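Shown next, in structure tokens, is the structure this report addresses.
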Amino acid sequence: MRIGTVREIKTLEFRVGITPEGAAELVAHGHQVFVETGAGAGIGLGDDAYASVGATVLPDAKSVFDKSEMIVKVKEPQAVEIAMLRPDHTLFTYLHLAADRDQTLGLMKSGATCIAYETITDNYGRLPLLAPMSQVAGRMATMVASQYMMKPYGGRGLLMSGVPGVPGAKVGILGAGVSGMHAAEIALGMRADVTMFDISAERLAAVDAQFGGAVKGVHSSKKVLQDYLPVADAIIGCVLVTGAAAPKLIRREDLKKMKPGAVLVDVAIDQGGCFETSKATTHEHPTFVVDGIIHYCVANMPGAAPLTSTYALTAVTLPFVLRMAEKGVAGALAADPHLKNGLNVQAGKITHPAVQAVMDAA
């Protein structure tokens, strides 16, 4: 199979869809790999690293699209990339279509087969290709919250850890999934007072088991969350509904209950965000303030640690790329129901029920 990867063009996005090691593996299995020049330069993976393992370096994205059957990316395609897709292409990347109607319509118009990392499942109902980026984003979220509590960044001038005689920050985490658990791990390590909210008794039991009571697990409800808002110094939103838009758990009118200078970090922004006031931001301009509350809503958080994130991501995506290359995309989809759960758009139609529900509701 002819497989290509291109330089990511989203603002300050330096991750790359295939590493030189991944390219070497694909070439060893008899496949052709095409790489846009400079695709990995932002994390020190030069063109020579790809060429030395047998990949072909091409001068621009169009050349890669023209020669490839499968396009492997990291972030959702931008408009100029969607325009290069053909019906015989397979696009394999994060899509997050529930929060992006224009992208969905563009992919439908392209006729391409579009498989989303974030809806591929495993035997346990988990999302194995979302997990590594959720781990990075969760850990980053606590670090970000700590930074924006500081006075120079607009916060109240609070040290998350506190010091002897002065208590640490109160950090609420919405959702006890992968990103939430990793956010809690770092917050606890920074000596914050951590409370996790979830509606699943099973997930709350996991919180108790992992943290031995050091993190408070609370069954979430509107009243419980409303009661917590006045004491919170930071709230990290990690709620995920596979393929669908995130629920809005904090409304604009709720912000007046919070301390001025408190911080909201919306890890769920790729799926529309779990705060009503959230809007996607970039690493270049990461925050905004609504009613005195700092919002951090960067839609590609792991892009701030692109070297770590690239290797963590490609470790889980490469086996699927190899499977599709070996069996053909149609054969791989037919043989693996978990991969088929990643199919979001094909032949001009939406194929994932959660995405279709969002489009129908729009």
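The values are calculated or read from the model by the stated rules, or taken from the named source; none is laboratory data. Quick caveat: nothing in here was measured; it's all calculated off a predicted structure. For neighbour counting, all protein chains shown are included, and Cβ atoms are generated from backbone atoms with ideal geometry for every residue, glycine included.
Annotation: of all residues in region 159-177 being surrounded by 22 or more Cβ atoms within 10 Å (Cβ to Cβ) and out of contact with any Cys (no Cβ under 7 Å at 6 or more places or on another chain), the one that is farthest from ASP291 (Cα to Cα) is ALA176.
Looking across region 289-324, just one residue is touching a Ser or Thr at 6+ places or on another chain (Cβ under 8 Å), closer than 30 Å to GLU253 by Cα and small (Gly, Ala, Ser), and that is ALA299. PRO20 fulfils the conditions (1) closer than 15 Å to LEU313 by Cβ; (2) of a type outside the set (S, T, N, Q); (3) within 22 Å of the chain's Cα centre (by Cα) except for a single criterion, (3). Checking each residue in region 124-146 for being surrounded by fewer than 20 Cβ atoms within 10 Å (Cβ to Cβ) and closer than 16 Å to ARG191 by Cβ picks out only MET143. Contact map, region 338-357: first residue among the β-branched types (Val, Ile, Thr), second residue in a strand (DSSP E or B), Cβ cut-off under 6 Å, separation 6 or more or different chains; pairs are VAL345/CYS114; THR351/LEU343; VAL355/ASN344. For region 1-39, a residue qualifies if it is surrounded by 17 or more Cβ atoms within 10 Å (Cβ to Cβ) and basic (Lys, Arg), and the qualifying residues are ARG7, LYS10, ARG15. The strands (runs of 3 or more DSSP E) falling completely within region 104-200 that include 1 or more residues that are touching a residue at least 40 places away in the same chain (Cβ under 8 Å) map to 113-116, 170-174. Would you be able to say whether some residue in region 112-120 is touching a strand residue (DSSP E or B) at 6+ places or on another chain (Cβ under 6 Å), of a type in the set (A, V, I, L, M) and under 16 Å from THR314 (Cα atoms)? Yes, region 112-120 has at least one match. Within region 223-252, restricting attention to residues that are small (Gly, Ala, Ser) and in a loop (DSSP other than H, G, I, E, B), the residue that is farthest from GLY342 (Cα to Cα) is ALA232. Looking at region 327-350, is at least one residue closer than 24 Å to PRO87 by Cβ, in contact with a Lys or Arg (Cβ under 6 Å, 6 or more places away or on another chain), assigned to a helix (DSSP H, G or I) and at pLDDT 95 or above? Yes - at least one qualifying residue is present in region 327-350. Looking at GLU276, GLU284, can you tell me which residue is farther than 27 Å from LEU204 by Cβ, of a type in the set (D, E, K, R) and surrounded by fewer than 24 Cβ atoms within 10 Å (Cβ to Cβ)? Of the residues listed, the single one that is farther than 27 Å from LEU204 by Cβ, of a type in the set (D, E, K, R) and surrounded by fewer than 24 Cβ atoms within 10 Å (Cβ to Cβ) is GLU284. Taking the conditions (1) crowded, with 19+ Cβ neighbours inside 10 Å; (2) touching a Phe, Trp or Tyr at 6+ places or on another chain (Cβ under 8 Å) in turn, LEU188 satisfies each one other than (1).
So that you can scan it fast, the table gives a plain yes or no per residue for (1) of a type in the set (Phe, Trp, Tyr); (2) surrounded by fewer than 21 Cβ atoms within 10 Å (Cβ to Cβ); (3) under 30 Å from CYS297 (Cα atoms); (4) modelled with pLDDT under 95:
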position: VAL72; (1), (2), (3), (4): no, no, yes, no
position: HIS89; (1), (2), (3), (4): no, yes, no, no
position: PHE92; (1), (2), (3), (4): yes, no, yes, no
position: ASP100; (1), (2), (3), (4): no, yes, yes, yes
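Of everything in region 40-63 that is in a loop (DSSP other than H, G, I, E, B) and over 27 Å from the mean Cα position of the chain (by Cα), the residue that is surrounded by the most Cβ atoms within 10 Å (Cβ to Cβ) is ALA55.
Answer yes or no as to whether ALA332 is crowded, with 20+ Cβ neighbours inside 10 Å, free of Cβ contacts under 8 Å to residues at least 40 places away in the same chain and among the small types (Gly, Ala, Ser).
yes
Counting the residues of region 10-36 that are within 19 Å of LEU85 (Cα to Cα) and at pLDDT 95 or above gives 8. Within region 230-247, can you find the residues that are aliphatic (A, V, I, L, M) and under 26 Å from the mean Cα position of the chain (by Cα)? The answer is ALA232, ALA234, ILE235, ILE236, VAL239, LEU240, VAL241, ALA244, ALA245, ALA246. Scanning region 240-259 for residues that are buried (at least 23 other Cβ atoms within 10 Å of the Cβ) and modelled with pLDDT of 95 or more gives a single hit, ILE250.
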